[in-house]
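Quick notes on the structure that follows.
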Amino acid sequence: MKADPKGVLTGTHFLDGDHACCEGALAAGCRVAFGYPITPSTEVVERIASRLPEVGGVFLQMEDEIASSIAIQGAVWGGARSMTVSSGPGISLMMEHVGLAAMTETPCVFVNVQRGGPSTGLPTLPGQADMMQARWGSHGDYEIIAIAPNSPQECFDLAIHAFNLAERFRVPVMFMMDESVGHMTEKVVIPPPDAIEIEPRRFTQEPPEKYLPFAAGPDLVPPMAPIGKGYRFHVTGLTHDERGYPVMSAEAQEKLVHRLVDKIRTRADEIERSQEFMTEDAEVLLVAYGITSRVVQRTLQLARQKGIKAGLFRPVVVWPFPGKRLRELARKAKAVVVVELNYGQMVLEVERAVCGAAPVRLVPHGGGALHDPEQVLKVVEEVAR
Amino acid sequence: MTQPRNPVEPFLRMDRMPHIWCPGCGIGVVVNCFARAMLESKTDIDSVQVVSGIGCTGRIAGYLRMDSYHTTHGRAIPFATGLKTARPDMKVVVFSGDGDLVAIGGNHLIHAARRNVDIKVICVNNFTYGMTGGQVAPTAPIESVATTSPFGVFEQPFNLAFLADSAGAVYVARWTTYHVRQLAKAMREVLQKPGFCFVEVIAPCPTIYQRRNRLGDALDAMRFYKQQSKLSEGADTRTLDIPMQGPIPVGRFVNRDRPTLLENMNTVLGKRLGAKFTPYPTGVTR
């Protein structure tokens, strides 16, 4: 399905990442959104508040992030595409509802413009320390998808991708921006609507009397039902059977939660997305995502000037983690260097994926500023020896 | 000869019976009154969406054979707000308990009332957290006993009618589960009334609240409601406190008209944006 022209601002723009993310959501068909102000994500909700009324949609600033994160789910069951936007403390408040969306298979998007933490931390400065929270932040076993854009253009393009993946897999998608990407202004090209592919919501073909709301086919993703059409389905955050009815048993838990996890794990190849720079002959493999993947481009340049065969592997979809490809590259490398704005989060996943094929070294940073490419270079030089 | 069927059966998920509520619990009465209100008002079953939070009353969504959502603790109202915003043509009814709606969900309650979101909130007030075994609720009368107030509650409880009224609800009523006719009528009225409507239902909890407080069984509760309810139609909501084993003021206290959230949105945006703005559907005909 092609994008609804109403929401697409075709043309060449000069936008910051927050605004570009908003335009991506509108292009993806988001017409109902809820949010709460919090730096550095406020510009997303400000823009969507001014844009939605022009395209036949509604934005409501809710009383808190908890309300926003469940209002989107009410809207989605009502047939809308919906998202909410926040940062640090607000995302922490939303976590219960990430779990609800995972459990009830509600396709929706949570935008996290990451700032320095923990707690109130550094509201106006960048961080990348919510990466594990995005994956594990709600209680219980579940899978989500997370995407880390590194430019305003990607904030637009990948926001559409986020909505599409949410629909295809019926999961919450975490859109992991950061303060730097959110506040940097660059050229953003918005294509014409017929060049934007939109994943339609999959509705059941069964009549109400035959419909089982949580019975999935081989793709493990059950089709949804429209409301008000006699399907009279029940949705619950309790462990439920294929009818959607609560069942308190280990068997029901095994059947449901196993599928929720498997629908992502067994189809990870379809979801994973990464970028590579100069990896063909890389002996030192840098791994970075989001804003940091741009910072280390400079490191890459400097290293190559010094004759070090350095390359960069950048997870674009960070969860599920593109580990298979990383392992292939690591096998040919002398060392893997993970650069991230935290004290060691995705590095754990990198170590897991690399699985001893090469030594893994972390270049941590507490956030509040970006890495110095020359400092990263020092580590590259060290491990290249 | 076929077995006569209860007329409310089409509204129930009969394949889920028996339900989890205790003998003598008042929640079933509330479900019955709602089904009767739907029947009597000839409301299309597929035009109504039911949202619940967590707790004993939160299970109502699971027993109504309608599009129904059992959400998280305290958050039925913001879910309902999202649903109503996406589908203004639907009637959205929230059923939940006093703990769910007023303790953990209290902020959402007052903001939805302030905004005049066009949803109907049926709050079953049994003065306790039944599902978890009888902890103190924000409605628990002073000196009542709860597992987490073993020597008696010493906090001032909420007067829910006053709370809903002062936050801006356009319809506020309180009945007990003894008042099945009045309760069904109140539900009929709110199904027809645009805006944020709040119906409090005082309900017995013989297993937990009454047992701990030595207040007898379900029948004693009914007798008590019959004897102690004081019809107070149109009363000043500040006067509607419910003392421990004191009189229970009941009736319809508030019935006024205010534009709904979406109506207000259309008015303001229409004024400011002019021709650029297409009015959003509100689901309200006036």
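Things to note:
- Just so you know, in region B:83-108 the residues that are closer than 16 Å to B:PRO157 by Cα and buried (at least 24 other Cβ atoms within 10 Å of the Cβ) include one that is nearest to the other protein chains (Cβ to nearest Cβ), and it is B:GLY105.
- Exactly one residue out of B:PRO138, B:PRO150 is under 26 Å from A:ALA71 (Cβ atoms) and more than 14 Å from the chain's Cα centre (by Cα): that is B:PRO138.
- The listed residues are A:VAL339, A:VAL284, A:VAL376, and the only one of them that is in contact (Cβ under 8 Å) with a residue 40 or more places away in the chain, under 28 Å from the mean Cα position of the chain (by Cα) and within 24 Å of A:GLU154 (Cα to Cα) turns out to be A:VAL339.
- Matching entry among A:VAL339, A:VAL316, A:VAL296, A:VAL287 (being surrounded by fewer than 21 Cβ atoms within 10 Å (Cβ to Cβ) and not aromatic (Phe, Trp, Tyr)): A:VAL316
- Residue within region A:185-206 that is open to solvent by 10 Å² or more (accessible area, probe 1.4 Å), within 14 Å of another protein chain (Cβ to nearest Cβ), assigned to a loop (DSSP other than H, G, I, E, B) and over 22 Å from A:ALA129 (Cα atoms) present: yes
- Scope region B:1-46; condition over 25 Å from B:ASP220 (Cβ atoms), over 19 Å from the mean Cα position of the chain (by Cα) and within 14 Å of chain A (Cβ to nearest Cβ); matching residues: B:GLU9, B:PRO10, B:ARG13, B:MET14, B:ASP15, B:ARG16, B:MET17, B:ASP44, B:ASP46
- Taken over region B:46-64, the criterion of being part of a helix (DSSP H, G or I), open to solvent by 10 Å² or more (accessible area, probe 1.4 Å) and under 15 Å from B:ILE104 (Cα atoms) is satisfied by no residue.
- Among the residues of region B:228-282, those that are surrounded by 18 or more Cβ atoms within 10 Å (Cβ to Cβ), within 12 Å of chain A (Cβ to nearest Cβ) and touching a residue at least 60 places away in the same chain (Cβ under 8 Å) comprise B:LEU261, B:LEU262, B:TYR280, B:THR282.
- B:ARG223 being assigned to a loop (DSSP other than H, G, I, E, B), loosely packed, with under 14 Cβ neighbours inside 10 Å and either within 14 Å of chain A (Cβ to nearest Cβ) or modelled with pLDDT of 95 or more (or both): no
- Of the residues making up region A:234-257, none is over 30 Å from A:GLU381 (Cβ atoms), touching a Pro at 6+ places or on another chain (Cβ under 7 Å), touching a residue at least 40 places away in the same chain (Cβ under 8 Å) and away from chain B (no Cβ under 14 Å).
- Qualifying residue in region A:301-315 (condition: of a type outside the set (Gly, Ala, Ser), within 21 Å of A:GLY137 (Cβ to Cβ) and not assigned by TED's automatic domain parsing to the domain that holds A:PRO152): yes
- Options A:ARG135, A:ARG168; residue that is under 26 Å from A:LYS6 (Cα atoms) and either buried (at least 22 other Cβ atoms within 10 Å of the Cβ) or more than 14 Å from every other protein chain (Cβ to nearest Cβ) (or both): A:ARG168
- Unique residue being touching a helix residue (DSSP H, G or I) at 6+ places or on another chain (Cβ under 8 Å), outside any loop (DSSP other than H, G, I, E, B), of a type in the set (D, E, K, R) and not assigned by TED's automatic domain parsing to the domain that holds A:GLU154 when the list is A:LYS263, A:LYS255: A:LYS263
- Just one of the listed residues (A:GLY99, A:GLY140) is open to solvent by 10 Å² or more (accessible area, probe 1.4 Å), within 14 Å of chain B (Cβ to nearest Cβ), modelled with pLDDT of 95 or more and part of a helix (DSSP H, G or I), namely A:GLY99.
- Applying the condition of being at the interface with chain A (Cβ under 7 Å from one of its Cβ atoms) and hydroxyl-bearing (Ser, Thr, Tyr) to region B:59-81 and asking which residue is farthest from A:GLY78 (Cα to Cα) yields B:THR72.
- Among all residues of region A:32-53, there is at least one that is open to solvent by 10 Å² or more (accessible area, probe 1.4 Å), under 28 Å from B:GLY274 (Cβ atoms) and within 8 Å of another protein chain (Cβ to nearest Cβ).
- Members of region A:28-70 that are in contact (Cβ under 8 Å) with a residue 60 or more places away in the chain and under 19 Å from B:ALA86 (Cβ atoms): A:ALA28, A:GLY29, A:CYS30
- Condition met for A:ARG81 (farther than 26 Å from A:GLY127 by Cβ, more than 10 Å from every other protein chain (Cβ to nearest Cβ) and in contact with a Cys (Cβ under 9 Å, 6 or more places away or on another chain)): no
- Among the residues examined, A:SER86 qualifies as in contact with a helix residue (DSSP H, G or I) (Cβ under 6 Å, 6 or more places away or on another chain), among the small types (Gly, Ala, Ser) and open to solvent by less than 10 Å² (accessible area, probe 1.4 Å).
- On the stretch given as region B:226-244, residues that are in a strand (DSSP E or B) and of a type outside the set (A, V, I, L, M) total 2.
- Breaking point among (1) more than 14 Å from chain B (Cβ to nearest Cβ); (2) in contact with a strand residue (DSSP E or B) (Cβ under 6 Å, 6 or more places away or on another chain); (3) within 29 Å of A:GLY244 (Cα to Cα), for A:SER69: (1)
- Taken together, the residues in region A:54-83 that are open to solvent by 10 Å² or more (accessible area, probe 1.4 Å) and of a type in the set (A, V, I, L, M) amount to 3.
The values are calculated or read from the model by the stated rules, or taken from the named source; none is laboratory data. Note that the structure is a prediction, hence the values are computed from the model and not measured. A quick note on method: Cβ atoms are made from the backbone with ideal geometry, for glycine too, and the neighbour counts reach across all protein chains shown. All accessible areas refer to the heavy atoms of the entire protein, side chains included, with ligands and DNA or RNA removed. Shrake-Rupley method; radii C 1.70, N 1.55, O 1.52, S 1.80 Å.
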